[in-house]
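Below: one structure, written as structure tokens.
Every number here is computed from the coordinates shown, using simple stated rules; none is lab data. Fair warning: this is a prediction, and the values are worked out from it, not measured in the lab. FYI the Cβ positions are ideal-geometry reconstructions off the backbone, even for glycines, and counts take in every protein chain you see.
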Amino acid sequence: MVKKAFVSWSGGKDCCLACYRAADSGLDVRFLLNMAGEDGMRSRSHGLSKEVLEMQAEAMFLPIIQRKTSWDTYE
């Protein structure tokens, strides 16, 4: 049975490598999860625009889920 997974997605190289390794190890990566700023327009970690994150997800053939958060509620 293949295990389902998601990847916490910042848009940077480290999460990209983690996603690759997860899929390469046999996990079924179903979606990317990104934490956005309170306005929902930029990622919390790298400040990438929502559009860039969506293009990254599209290039990987994965849906991306964004959740708004503040630094107080991030974790």
Simple SL model, points at 7 angstrom along Cα→Cβ for residue 17 and residue 31; separation in nm is 2.7
For region 47-57, in residue order, the Karplus 3J(HN,Hα) values (coefficients 6.51, -1.76, 1.60; θ = phi - 60°; whole Hz; Gly and Pro = x) are x, 6, 5, 4, 5, 5, 4, 5, 5, 4, 4
Sorted by chain and number, the residues with a modelled amide H under 5 Å from that of residue 33, at a separation of 5 or more or across chains, are 7, 8, 9, 65
Taking Cα pairs under 8 Å and at least six residues apart, what relative contact order does the chain come out at, in percent? 31
Assuming 0.36 nm per residue, please report the length gained on full extension of the stretch residue 39 to residue 71 beyond their Cα-Cα distance. 10.3 nm
If I model a spin label as a point 7 Å beyond the Cα along the Cα-Cβ vector, how far apart are those points for residue 49 and residue 5 in nm? 3.1
Burial ranking of peptide ranges 34-45, 13-24 (average Cβ count within 10 Å, highest at the top): 34-45, 13-24
